[in-house]
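To keep things clear, I will list the structure first and then write my remarks on it.
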Amino acid sequence: MRRTLIALVAAVAVIAAGATARGEDWPARTVRIVVGFGPGGGADIISRIIGQALQEKLGQPFVIENKPGSAGTLGNELVARAEKDGYTLGIMTAGQIIAATINKSLRYDTLTAFEPVSLVATASLLIVARPDFPATDVQGLIAEAKAKPDKIVFASAGFGATQHLAAELFMQSAGIKMLHVPFRSSPEAIAAVAGRQVDVLFDTVSALIGQVQSGQLKALAVTGKDRSVRERLATAGVVVRGSTPAEFGTFMTDEFKRWNTVREVAGIPQQ
């Protein structure tokens, strides 16, 4: 199952509205970084770290602009419609790519509307269960699910969310079926698992680390290439990872195809 877990790693990357004018020293003025999520979330935190580093290095202000809504696609639309002068950057997450595979009414093309800049980081996902769940690792979870098809209930932060599609990919890879119950947010889904209302949850390490350490949730597995769950928990599951623009463009195209295939196999219709 190691390859399955590696495949569930999410990514955070930088996109741009367009290239700078030829011969212009960039940046010559304030640059805005559009984040399609509210303050305090993983994408917001990463964007502020990036903005501060760029500001210190380049000597111009980098201002964070939060535009939450529609699974991050409102922020992406703002970037897509911005002046193509290199002064509007955006943060692209796996969740926004997944949303693009589901939402057929987007007013931009995710794969052509942006200039890829660089992959920034990968963020591991943690598979957790209620404290009294019989399985203690991912092999045990698979065995339970095979013995009880559609009886194990997994929560998510919403229909079509990254957490939902990650679980769908896991089920497809493992050849199992679990029952999906979507909630309105990660905190609600986490509370449902801790409260024994549902069995299992896929979410980011940073969102779950406190409940795991306190014993409210049982950690079954962490995604990624490293074998140690403990090391991933200690670093909140975020790993710096850069790329060239071309590499990131290819990565984004591949991710779109992968998650669209997961959506189709899971029978999730475009909306």
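The values are calculated or read from the model by the stated rules, or taken from the named source; none is laboratory data. Just so we're clear, the structure is a prediction, and the values are computed from it rather than from any experiment. Cβ atoms come from the backbone with ideal geometry, glycine included; neighbour counts cover every protein chain shown. Protein only, heavy atoms only, side chains kept; ligands, DNA and RNA dropped before computing areas. Shrake-Rupley method; radii C 1.70, N 1.55, O 1.52, S 1.80 Å.
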*Of all residues in segment 169-226, how many are in contact (Cβ under 8 Å) with a residue 40 or more places away in the chain, assigned to a loop (DSSP other than H, G, I, E, B) and basic (Lys, Arg)?*
2
*Within segment 63-79, can one find any residue that is farther than 22 Å from residue 253 by Cα, free of Cβ contacts under 8 Å to residues at least 24 places away in the same chain and of a type in the set (A, V, I, L, M)?*
no
*Could you grab me the full set of residues in segment 230-271 that are at pLDDT below 85 and either among the hydroxyl-bearing types (Ser, Thr, Tyr) or open to solvent by less than 80 Å² (accessible area, probe 1.4 Å) (or both)?*
232, 233, 235, 236, 237, 238, 239
*Say we look at segment 187-221 and pick out the residues that are of a type in the set (Ser, Thr, Tyr) and touching a strand residue (DSSP E or B) at 6+ places or on another chain (Cβ under 8 Å); which of these is most open to solvent (accessible area, probe 1.4 Å)?*
206
*What number goes with the only condition from (1) at pLDDT below 95; (2) within 18 Å of residue 160 (Cβ to Cβ); (3) open to solvent by less than 30 Å² (accessible area, probe 1.4 Å) that residue 184 does not pass?*
(3)
*Tell me, which residue of segment 187-222 that is modelled with pLDDT under 95 and of a type in the set (Asp, Glu) is nearest to residue 98 (Cα to Cα)?*
203
_Every residue from segment 124-160 that is over 25 Å from the mean Cα position of the chain (by Cα) and closer than 16 Å to residue 182 by Cα_ = 150, 151
*asked:* Of everything in segment 124-161, what is part of a helix (DSSP H, G or I) and open to solvent by 30 Å² or more (accessible area, probe 1.4 Å)? Give them in sequence order.
replied: 139, 143, 144, 146, 147
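Quick grid of which residues meet (1) under 24 Å from residue 210 (Cβ atoms); (2) modelled with pLDDT under 90; (3) out of contact with any Leu (no Cβ under 8 Å at 6 or more places or on another chain):
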residue: 49; (1), (2), (3): yes, yes, yes
residue: 53; (1), (2), (3): no, no, yes
residue: 62; (1), (2), (3): no, no, no
residue: 89; (1), (2), (3): no, no, yes
residue: 103; (1), (2), (3): no, no, yes
residue: 106; (1), (2), (3): no, no, yes
residue: 111; (1), (2), (3): no, no, yes
residue: 114; (1), (2), (3): no, no, yes
residue: 123; (1), (2), (3): yes, yes, yes
